[in-house]
Amino acid sequence: MESREDIVIFLSEFDYQVNMLEQIYKTIEKRKEMLDQEGPVPELVESTGYWLHNLYCGFEDLFKLIAGYWENHVMMDGEDHIQLLKRMHLAIEGIRPALLTDKSFRDLNELRGFRHAFRHAYSYGLDDERVGHLLHRIIIAKKQIFIDIKNFRNTIEVLNKT
């Protein structure tokens, strides 16, 4: 059983990471406005890709925090990025509830795939249409993802009576 102090620390770190995600989303929403006004200017598409990449990295940091706290370990090499995302989609009996619903899992999995492509795009650049599609989709997905995050936090708080 976790101590009250441990839960308070976890929730503080959790809240900090969620706040970081909200800040990244604000930047992404500004990039969408700029793309809507200016069109797919290469530098703007690249900047948007960078922030979409950062958004997934921020989510992955949240996932690592959760897995590290509740499951006591995080392995990150090779295919572990998808495994970590899948783990956040699972409720682990007697340990913690699921973080993500099916829809949020699918949306974040698409963002994860983009992050991988972005890291390897140095030889071919970014596809304007793919960036635009993902940008639109991830902005729409924001509401459900943050509902999932809030529900997870509330459940943890109730279960641990902090």
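The values are calculated or read from the model by the stated rules, or taken from the named source; none is laboratory data. Because the structure is a prediction, the values reported are computed rather than measured. As a convention, Cβ positions derive from the backbone with ideal geometry for all residues, glycine included, and neighbour counts pool all protein chains shown. Remember, those area values only see protein heavy atoms, side chains included, never the ligands or the DNA or RNA. Shrake-Rupley method; radii C 1.70, N 1.55, O 1.52, S 1.80 Å.
The requirement of being in a loop (DSSP other than H, G, I, E, B), within 21 Å of residue 149 (Cα to Cα), open to solvent by 50 Å² or more (accessible area, probe 1.4 Å) and out of contact with any helix residue (DSSP H, G or I) (no Cβ under 7 Å at 6 or more places or on another chain) is satisfied by residue 72.
Restricting the first member to segment 130-150 and to residues that are in a helix (DSSP H, G or I), and the second to residues that are open to solvent by less than 40 Å² (accessible area, probe 1.4 Å) and among the aromatic types (Phe, Trp, Tyr), the beta-carbon pairs closer than 6 Å and six or more apart or on different chains are 134/114; 142/25. Is there a residue being surrounded by fewer than 14 Cβ atoms within 10 Å (Cβ to Cβ), modelled with pLDDT under 90 and either over 20 Å from residue 146 (Cα atoms) or touching a His at 6+ places or on another chain (Cβ under 7 Å) (or both) anywhere in segment 52-68? Checking segment 52-68: not a single residue is surrounded by fewer than 14 Cβ atoms within 10 Å (Cβ to Cβ), modelled with pLDDT under 90 and either over 20 Å from residue 146 (Cα atoms) or touching a His at 6+ places or on another chain (Cβ under 7 Å) (or both). Counting residues in segment 109-117 that are at pLDDT 95 or above and crowded, with 16+ Cβ neighbours inside 10 Å gives zero. Please work out which one of (1) open to solvent by less than 80 Å² (accessible area, probe 1.4 Å); (2) at pLDDT 95 or above; (3) farther than 25 Å from residue 7 by Cα is the condition residue 102 fails and give its number. Condition (1) is where residue 102 drops out.
With the requirement that a residue be open to solvent by 70 Å² or more (accessible area, probe 1.4 Å), in contact with a Gly (Cβ under 9 Å, 6 or more places away or on another chain) and either within 17 Å of residue 141 (Cβ to Cβ) or in a helix (DSSP H, G or I) (or both), what does segment 24-45 give you?
Applying the first criterion (open to solvent by 70 Å² or more (accessible area, probe 1.4 Å)) to segment 24-45 yields 26, 30, 33, 36-38, 40, 42-43.
Next, only the ones that are in contact with a Gly (Cβ under 9 Å, 6 or more places away or on another chain) stay: 40, 42.
Selection gives 42 alone.
In segment 1-28, the residues that are over 28 Å from residue 54 (Cβ atoms) form Cβ pairs under 8 Å with partners that are assigned to a helix (DSSP H, G or I) and open to solvent by less than 30 Å² (accessible area, probe 1.4 Å), at six or more places apart or across chains, as follows: 2/10; 7/156. Being at pLDDT 95 or above, over 24 Å from residue 86 (Cβ atoms), assigned to a helix (DSSP H, G or I) and open to solvent by less than 50 Å² (accessible area, probe 1.4 Å) is the requirement here; does residue 48 meet it? It is false that residue 48 is at pLDDT 95 or above, over 24 Å from residue 86 (Cβ atoms), assigned to a helix (DSSP H, G or I) and open to solvent by less than 50 Å² (accessible area, probe 1.4 Å).
Of a type in the set (A, V, I, L, M, F, W, C), loosely packed, with under 13 Cβ neighbours inside 10 Å and either modelled with pLDDT under 90 or assigned to a loop (DSSP other than H, G, I, E, B) (or both) - does that describe any residue in segment 75-82?
Taking segment 75-82 and keeping what is of a type in the set (A, V, I, L, M, F, W, C), we get 75-76, 82.
Still in the running and loosely packed, with under 13 Cβ neighbours inside 10 Å: 75-76.
Next, from what is left, pick out any that are either modelled with pLDDT under 90 or assigned to a loop (DSSP other than H, G, I, E, B) (or both): 75-76.
The answer is yes, given that some residue of segment 75-82 is of a type in the set (A, V, I, L, M, F, W, C), loosely packed, with under 13 Cβ neighbours inside 10 Å and either modelled with pLDDT under 90 or assigned to a loop (DSSP other than H, G, I, E, B) (or both).
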